[in-house]
Structure formats: C-alpha cells, structure tokens
1. Would you please name the residue that is least open to solvent (accessible area, probe 1.4 Å), looking only at residues in segment 138-179 that are within 24 Å of the chain's Cα centre (by Cα) and farther than 26 Å from residue 71 by Cα?
2. Filter segment 29-85 down to the residues that are open to solvent by 50 Å² or more (accessible area, probe 1.4 Å), of a type in the set (A, V, I, L, M) and in contact with an Asp or Glu (Cβ under 9 Å, 6 or more places away or on another chain), then identify the one that is modelled with the highest pLDDT.
3. Looking at 114, 129, which one is surrounded by 19 or more Cβ atoms within 10 Å (Cβ to Cβ) and of a type in the set (A, V, I, L, M)?
4. Please work out which residue is nearest to residue 60 (Cα to Cα), limiting yourself to segment 219-265 and to residues that are at pLDDT 90 or above and of a type in the set (S, T, N, Q).
5. Among the numbered criteria (1) among the β-branched types (Val, Ile, Thr); (2) farther than 22 Å from residue 139 by Cβ; (3) surrounded by 15 or more Cβ atoms within 10 Å (Cβ to Cβ), which one does residue 236 miss?
6. If I ask for residues that are under 30 Å from residue 293 (Cα atoms) and of a type in the set (Asp, Glu), which ones from segment 180-227 would you list?
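The values are calculated or read from the model by the stated rules, or taken from the named source; none is laboratory data. The structure presented is a predicted model; accordingly, all values stated were derived computationally and were not measured. Here Cβ is always computed from backbone atoms with ideal geometry, including for glycine, and neighbour counts include all displayed protein chains. The accessibility values were calculated without ligands, DNA or RNA, using every heavy atom of the protein model including side chains. Shrake-Rupley method; radii C 1.70, N 1.55, O 1.52, S 1.80 Å.
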Amino acid sequence: MAEFRNFNALDLTTIPFNEHDCIFENRFILAGDLDDSAPMRDLTRDPTMRPFLTSPYPFKIRFAMMHLCLGGRMRIRSNLNEYELHRNSLTIITPGTIGQCLEISPDCRIALIALSNDPVITEDNSEAALVVRKFLAKQSPIELTDGQTAEILAICRALRDKLRQPDFRFKHEILKGYLQVLYGIVCQQMAPLVEEQDARQGSRKKQIFDRFLEELRQHFAAERSVGFYADRLCLTPKYLSQVIHAVSGRYAGDWIRDYVILEAKALLKSRQYTVQQVADMLNFANQSFFGVYFKKAVGCSPTAYMES
C-alpha cells in the first residue's frame, strides 16, 4: 500500500490507493468505487485517502487524471476555479494543475483514472484534439447521464480485469486500446459543449480574454508583465487590461498575480524547495523581491507561509 508522504506535489507514486485498486507499471492507476456490489466506504475516514482529501493546502498535480463522481458530493478547486461535483460529474485534470479538495460528503463515491505523462493516447484526429484543447482550457466538469456513466464504468472494469490477468501478455496494447476508446467517448461528450461555448464566446473581447488566459497558463512562471502578454496578442498593454477588466471584472495584472501566487504557495508548501529556489523558479531577481511580492499579495512572508 502506498504511503502518503508529507508534501504537496502529487505524482503517481504518491497518490493514495488500496489493495482493490489497479496499478500498472507506475504509469497507470485505476481506482475507486468501480463495483456496485462492493461496500461503500466513507472516504473522509479512509486512512489512505484522508491526508489527500483533507489537506488545507493545494497539490501540484503532475499527472493526467479523469475523475468521475458516482454519488454524494465533492467541492474542489482547480487552479483558480471552484466546482461542486455530484453524481455523474466528470472532470479531466491535466498535468501541472494546482488542485485541492475543499469539501467532501461522507457518502461520496468516486472512480478515477490517473495516467503518467507517457504518450499512451494518440491524437490522430485533429478535430478531436481541437475539441479537447478548447474544453480543457475551461476546466469545467462534464455532466453525464446515468447511461454514459455506466458505459465508462463498464470500460474501466474491463480494462482492470485484463490488466489483472497474470497470463495476459499484451497489457500495453490493451491499455492503449481501452484508453483510446475512453478518449473517443469523452471527446463525444465534450464536442457539443465546446460548440455551445464557441457560440457564446463570439465577441472579440471574449476571444481576447480566452487567448490571454491561455498565454498566461503557459508563461506565468517566467513572465509577470502585462506588456509581455499584450505583445503576444498584438495589443497595447492599456487596451489588453481594459478588455480583461470588461470581460472578467478584474485587470490583467490581477490575473497574473493570482497565477504566480497560486504556484508559489504550492511550491512552498511542498517543502521540497527553499524560498530562494522558489524565487528562482518564478523568475524573480532575488529572494527579497519575491518576498515583497508574496507578502503584498498574501499578507505574510514566504517563510511564514511555508512554516504555517
């Protein structure tokens, strides 16, 4: 059984699991309440899950994850967005996401697939790849029907049973095939949501805002100036900030600061890095500049936050 180590960077070797879950070569985990016949467990009392679900600090997630809520309720934060998950809510988490479980009901039941960064799923269909990228830019849950949830669970059970079969020689091929099927099914559910989203976001200003967030997700660790993002979008800094405020009610600088601070908090709480190392990773000139920036946003020094 995996031991949950006391740090806030979550990779496949630190995710909590038990003997009922399916682990394959430290690159794939299939876990949770896959079988209706199994007794329901209170995740809030499960010693393997409790540190993960009740941590007051966010986790930097270093793998891809598909999380399906089968019952009960869970409230999570993914980067800067909060969501409430309930029966038939499906979420996709991408590597690099900073996530946190904020609240979970005792009757919550989940199924999840966790996958390392290995290129197991191929994107041969450009339309499907575009749909996935557009949808994941929003990071919102997909609401499934009972039938769609049952279909996904059936595939997960079939994959689990094959990976557990000791004399089956072609497990890599099975894993790739079943994951490709799941990828196609999820794309099918994403497509109408993306089309609806595109129809709502037809305005020029909303397009600029979406492009700004995409650039920010890619570059916030190295670039904190509004001018950098304005140049990327071929706009003036003043106009970009005006547009971002008109769409979101917050200025571009506020969004940049929040992304930087969220990353800083996760790195500090991981206790894997010194304050100086975090300052270097976030492209601050020195620890002093980072300390002033952090304290202005959070209200305490990086060292005090790390030790709290």
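1. Selected residue: 175.
2. Step by step, filter segment 29-85, then rank; the result is 80.
3. The match here is 114.
4. Residue satisfying both the conditions and the ranking: 225.
5. The number of the failed condition is (3).
6. 210, 214, 215, 223
The rows are residues; the columns are (1) modelled with pLDDT of 80 or more; (2) closer than 19 Å to residue 172 by Cα; (3) in a helix (DSSP H, G or I).
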{"site": "117", "(1), (2), (3)": "no, yes, no"}
{"site": "120", "(1), (2), (3)": "no, yes, no"}
{"site": "127", "(1), (2), (3)": "no, no, yes"}
{"site": "134", "(1), (2), (3)": "no, no, yes"}
{"site": "137", "(1), (2), (3)": "no, no, yes"}
{"site": "147", "(1), (2), (3)": "yes, no, yes"}
